[in-house]
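Okay, so here's the structure we're looking at.
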Amino acid sequence: MHVLGIETSCDETSVAIYSADRGLLAHEIYSQAKSHAAYGGVVPELASRDHVRKLLPMIDAALSEADLERPDAIAYTAGPGLIGALLVGGAVARGLALGWDIPALPVHHMEAHLLAPLLEDEAPQFPFVALLVSGGHSMLVDVQDLGRYEVLGETRDDAAGEAFDKVAKLLGLGYPGGPAIARAAEQGRAGTYEFPRPMMNRPGFEFSFSGLKTAVLVQVRELEKAGDLDDQQVADIARAFEDAVVDTLCGKSLRALEETGRQRLVVAGGVGANRKLRETLKDAVSRSGARVYYPRPAFCTDNAAMVAYAGSLRLEAGERAPDSGVGARARWPLESLVPAVAG
Ligand code: KG4
Ligand code: ZN
């Protein structure tokens with residue numbers, strides 16, 4: 001079965017074709033970063049317009065790349081995300097499905113993120129703990145099986161990616177902030193500045209990144225009293241901030257492995273592309289005797305390969321797609337999902 005995946009939840013327009021027998025046959029990602037850069041963040045209306053402009057030509061291109069006239073099913077991100085952006089992908093999916101007389105399955109964006117590492121050759125088996133860190137979410141999830149998810153802890157305020165974006169803006173590093181901070185941090189000297197490790201001293205698995213962002217702001221304001229920050233100061237602050245986020249994510253992930261007794265940690269979502277986080281977690285997790293799995297960076301940030309894959313797993317497991325309606329949802333709790341059920 002060839003599944004066409006459509007991802008339009010935020011500022012990436014992406015389409016992919018996945019087959020359970022033949023793997024990933026086509027994958028296209030159009031990043032809208034340039035459209036939003038001038039505003040320092042995603043402008044929802046601009047995102048919807050770009051999806052409208054890009055989606056159909058990208059689907060055409062993916063079908064030719066896979067040498068297919070039409071897929072056997074469509075899987076589209078129905079939430080959580082920007083409602084206008086989701087509606088574009090959902091309406092296109094539903095329209096094509098009607099025309100082609102094939103099913104269109106709504107997919108949960110965060111489920112797709114946490115299943116993304118399974119696309120790789122060295123895929124983890126269920127069960128595992130997933131650290132989901134993106135622009136909109138930061139959570140630790142106990143993944144028992146497809147559709148059986150227990151959220152162990154979430155952020156109380158900003159998501160990790162959001163903190164990267166806000167701190168980058170504060171430092172004048174532009175948007176998207178994650179890669180910009182990571183680049184600057186490479187030139188930074190460890191320990192020049194110290195920022196708090198939020199929630200590390202508290203039990204449990206909750207995160208909080210808003211206070212960390214404020215600590216960076218206070219430090220920047222203090223330094224600015226003596227004039228504009230130079231490149232080395234920016235790099236040192238970026239380094240101290242990245243170290244604080246990485247330490248916190250790493251500490252809570254190890255705690256989650258210990259308390260659940262799981263042997264596998266999966267890291268997913270845009271912040272999972274961060275090299276420092278990947279290296280630090282790999283060392284720390286292997287020292288604890290467990291193993292960490294990452295999707296390649298292109299499968300960490302928003303992409304349709306993970307959506308086509310999640311849809312394919314559910315359809316192959318017998319899930320029946322709804323006959324009508326787009327079902328877009330700006331909010332959609334991960335824990336409300338259930339295993340694939342024939343309707
Ligand atoms: O998963 P994603 O592409 O979109 C959402 O679903 O939110 O995640 C985007 C987030 C952004 O906040 C971006 O700054 C962050 O992931 N990000 C990174 C890196 N690459 C992307 N954060 C830290 N280091 C990176 N290399
Ligand atoms: Zn995402």
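By DSSP, what percent of the beta bridges with both residues in the chain are antiparallel, rounded to the nearest 5?
For the chain, the DSSP antiparallel bridge percentage is about 60.
Could you work out how much longer the chain between Glu335 and Glu120 gets when fully extended? Use 0.36 nm per residue separation minus the Cα distance between them, nm to one decimal.
Details: separation 215, 0.36 × 215 = 77.40 nm, distance 2.48 nm.
The span from Glu335 to Glu120 would gain 74.9 nm if fully extended.
Rounded, prolate or oblate, given the Cα gyration tensor of the range 76-160, with a/c below 1.5 counting as rounded?
Oblate, because a/c is 1.5 or more while a/b does not exceed b/c.
Over all distinct alpha-carbon pairs, what is the Kirkwood Rh of the range 53-115 in angstrom? The partial results should precede the final answer.
Values: mean 1/r = 0.0804 Å⁻¹.
Hydrodynamic radius (Kirkwood, Cα pairs) of the range 53-115 is 12.4 Å.
Charges on Cβ only, +1 for Lys and Arg, -1 for Asp and Glu, centred on the Cα centroid of the chain; of Ser253, Gly90, Val42, which one is farthest towards the dipole's positive end?
Final value for the positive-end residue is Ser253.
Suppose only helical runs count, i.e. DSSP H with n ≥ 4. What mean residue ellipticity at 222 nm does that imply for the chain under -39500 (n - 2.57) per run, divided by all residues and rounded to the nearest 500 deg cm²/dmol?
-13500 deg cm²/dmol
Rounded to the nearest 20 Debye, what is the dipole magnitude of the range 230-343 about its Cα centre when Lys and Arg each give +1 and Asp and Glu each give -1 at the C-beta?
420
Put +1 on the Cβ of every Lys and Arg and -1 on every Asp and Glu Cβ in the chain; which of Gly172, Leu55, Asn201 then has its Cα farthest towards the positive end of the dipole?
The residue sitting farthest along the positive end of the dipole is Asn201.
In degrees, nearest 10, range 0 to 90: what is the angle between the Cα axis of helix 160-170 and the longest Cα principal axis of the chain?
Roughly 50 degrees, rounded to the nearest 10.
Quick one: net charge around Ala85, please, counting Lys, Arg +1 and Asp, Glu -1 for every other residue with C-beta under 13 Å from its C-beta.
It works out to a net charge of -2.
Given labels modelled 7 Å from the Cα in the Cβ direction, how far is it in nm from Ala61 to Thr192?
With each label placed 7 Å out from Cα toward Cβ, I get 4.0 nm.
Once both axes come from the Cα atoms, what is the angle between helix 44-65 and the longest principal axis of the chain, in degrees from 0 to 90, rounded to 10?
Orientation of helix 44-65: about 50 degrees from the principal axis.
Order of Val167, Val338 from fewest to most other C-beta atoms within 10 Å?
Final ranking by Cβ density, sparse to dense: Val338, Val167.
Would you please state which residues of the range 166-209 a label at Leu217 would reach in this model, taking the label point 7 Å out along Cα→Cβ and a backbone N cut-off of under 14 Å?
166-171, 209, by backbone N distance to the label point.
If you take the square roots of the eigenvalues of the alpha-carbon gyration tensor of the range 1-160 and sort them as a ≥ b ≥ c, do you get rounded (a/c under 1.5), prolate (a/b over b/c) or oblate?
oblate
Place +1 on the Cβ of every Lys and Arg and -1 on the Cβ of every Asp and Glu in the chain, take the dipole about the Cα centre, and give the residue among Val3, Tyr309, Gly191 whose Cα lies farthest towards its positive end.
Value: Gly191.
Around Arg320, which amide H atoms from residues at least 5 apart in sequence, or from another chain, sit under 5 Å from its own amide H, with H modelled in the peptide plane?
Val341, Gly343
Taking the chain as the reference, fit the longest principal axis to its C-alpha atoms, fit the long axis of helix 305-316 to the helix C-alpha atoms, and give the angle between the two in degrees, 0 to 90, nearest 10.
50
Gain in length, Glu69 to Glu154, computed as 0.36 nm per residue apart minus the alpha-carbon separation, to one decimal in nm? It would help to have the intermediate numbers written out before the result.
Values: separation 85, 0.36 × 85 = 30.60 nm, distance 4.24 nm.
So the extension gain works out to 26.4 nm.
Can you list the lysines whose alpha carbon sits under 28 Å from that of Lys252, skipping same-chain ones fewer than 8 residues off?
Lys166, Lys169, Lys213, Lys276, Lys282
Only sites in a loop by DSSP and with at most 14 other Cβ atoms within 10 Å count here; which GluC sites (Glu not before Pro) in the range 1-100 make the cut? It would help to have the intermediate numbers written out before the result.
Numbers: sites: Glu7, Glu12, Glu28, Glu45, Glu65, Glu69; in loops: Glu69.
Sites meeting the loop and neighbour criteria: Glu69.
Quick one: which residues, 5+ away or cross-chain, put their amide H under 5 Å from the amide H of Arg148? H built at 1.01 Å from N.
none
Quick one: dipole size for the chain, taken about the Cα centre, charges +1 on Lys/Arg Cβ and -1 on Asp/Glu Cβ, in debye to the nearest 20. Could the numbers behind the result be given before it?
Working: 34 positive and 46 negative charges, 105 e Å.
Dipole of the chain, to the nearest 20 debye: 500 debye.
Given the alpha-carbon gyration tensor of the range 196-315, what are the semi-axes of its equivalent ellipsoid in whole angstrom, ordered largest first, with each equal to the square root of 5 times an eigenvalue?
They are 31, 19, 13 Å, listed largest first.
What is the distance in Å between the Cα centres of the range 27-58 and the range 126-192?
If we compute the Cα centre of each part, the gap is 21 Å.
Given q = 0.11, 0.13, 0.15 Å⁻¹, what are the Debye log10 I(q)/I(0) values for the chain, with equal point scatterers placed on the Cα positions and solvent ignored?
Calculated log10 I(q)/I(0) at the listed q: -0.71, -0.96, -1.22.
Between Glu45 and Arg287, take the C-beta separation as r, use R0 = 35 Å, and let me know the FRET efficiency to the nearest 0.05.
Efficiency for this residue pair is about 0.15.
Provide the net charge surrounding Ile181, with neighbours chosen by a C-beta distance below 13 Å and charges set as Lys +1, Arg +1, Asp -1, Glu -1.
Combined, the nearby Lys, Arg, Asp and Glu give +1.
For the range 254-343, what's the radius of gyration and Dmax over Cα atoms, in angstrom?
Reported Rg and Dmax, both Å: 16.6, 50.
Taking Rh as the Kirkwood radius, which is the inverse of the mean 1/r over Cα pairs, what is the Rg/Rh value for the range 94-233?
So for the range 94-233, dividing Rg by the Kirkwood Rh gives 1.10.
Please give the charge dipole size of the range 140-264, origin at the Cα centre, charges +1 on K and R Cβ atoms and -1 on D and E Cβ atoms. Round to the nearest 20 debye.
That gives the range 140-264 a dipole magnitude of about 140 debye.
Read-outs: derived from the displayed coordinates by stated rules, not from any lab. None of the values given here were measured: they were computed from a predicted structure. Cβ sites come from the backbone with ideal geometry, for glycine too, and all protein chains shown count toward neighbours.
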